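Below: one structure, written as structure tokens.
The values are calculated or read from the model by the stated rules, or taken from the named source; none is laboratory data. Predicted model, so just to flag it, every value in this text is computed and none were measured. We place every Cβ from the backbone using ideal geometry, glycine too, and count neighbours over all the protein chains shown.
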Amino acid sequence: MKFKPAQIYTYYCAGKLNLVKIVLFDLDGTITDSSQGIVNSIQYALKKLGFPEEPREKIQQFIGPPLQHTFGVNYGIADYQNAVRIYREYYASKGIYENQLYPGIVEVLKELQAKNYTIGLATGKPTYYSEIILKYFKIDHFFSAVVGSNMDGSRGEKSEIIAEVLLQLNYDPKKHSVMMIGDRKHDVLGAKHHQLPCIGVSYGYAEKNELQDAGALVVIDEALEILNHL
């Protein structure tokens, strides 16, 4: 018999109601709308590298995967490390703050904390910048672990990032129940790599049907809906 994702998760939860509950969040496109700063930083780098100006809508599609992929694959830049370095000239001073929290996300974090959920951050953004952003928005105290990629580009795959978060949280499948929340297929596939379910959020940067096709447990349109599926 073939089960739908929601049915599978029903069985996944069976017998786990008394376990410690962990929720892992992506950052860009899930907690914050960082598109303005990221797009501006990419445009800044492309301009300095001699590329013609790109439409913002096209660049926004690249938010999520590592920058090495954006510059190396999408733009065919062989020396993508130099492109990332130029990108950070703008991002570190301006782009990181061209950012805003999604409506309802703080309420979600407060509710999860009040219900004794353990909250972790699993993002493709470098840990260094992620910690600055969480502190800037004064939400860092909600998170028991913050893990992103490394500044040198290593640990760029979402499955690697999730593995490190679970390690820091002393994850034990016999003691913990885990849910990933993210806005791109990389979040869903990274969670599936560890046999974890993932809630997809459509208010982020995913293309049409991207999250459904990747196998998200459910796709929601507003942050507050997260609470209905935990």
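Here are some notes:
- Of residues in the range 70-81 being touching a residue at least 12 places away in the same chain (Cβ under 8 Å) and either part of a helix (DSSP H, G or I) or among the hydrophobic types (A, V, I, L, M, F, W, C) (or both), the one farthest from Asp187 (Cα to Cα): Ile77
- Of the listed requirements (1) modelled with pLDDT of 95 or more; (2) assigned to a helix (DSSP H, G or I), Ser93 misses just one: (2).
- Identity of the residue in the range 37-62, of a type in the set (S, T, N, Q) and either in contact with a helix residue (DSSP H, G or I) (Cβ under 6 Å, 6 or more places away or on another chain) or in the same structural domain as Lys135 (by TED's automatic domain parsing) (or both), that ends up nearest to Lys185 (Cα to Cα): Gln60
- The residue pairs whose first member lies in the range 112-125 and is at positive phi, whose second member is surrounded by fewer than 24 Cβ atoms within 10 Å (Cβ to Cβ) and in a strand (DSSP E or B), and whose beta carbons are closer than 9 Å, counting only pairs six or more residues apart or on different chains, are Asn116/Val20; Asn116/Lys21.
- Summed over the range 174-201, the residues that are surrounded by 17 or more Cβ atoms within 10 Å (Cβ to Cβ) and of a type in the set (S, T, N, Q) give a count of 1.
- Residues in the range 27-48 that are outside any strand (DSSP E or B) and either of a type in the set (S, T, N, Q) or farther than 10 Å from Tyr87 by Cβ (or both): 13 in all.
- Qualifying positions in the range 133-150 - surrounded by fewer than 16 Cβ atoms within 10 Å (Cβ to Cβ) and in contact (Cβ under 8 Å) with a residue 12 or more places away in the chain: Tyr136, Phe137, Ser144, Asn150
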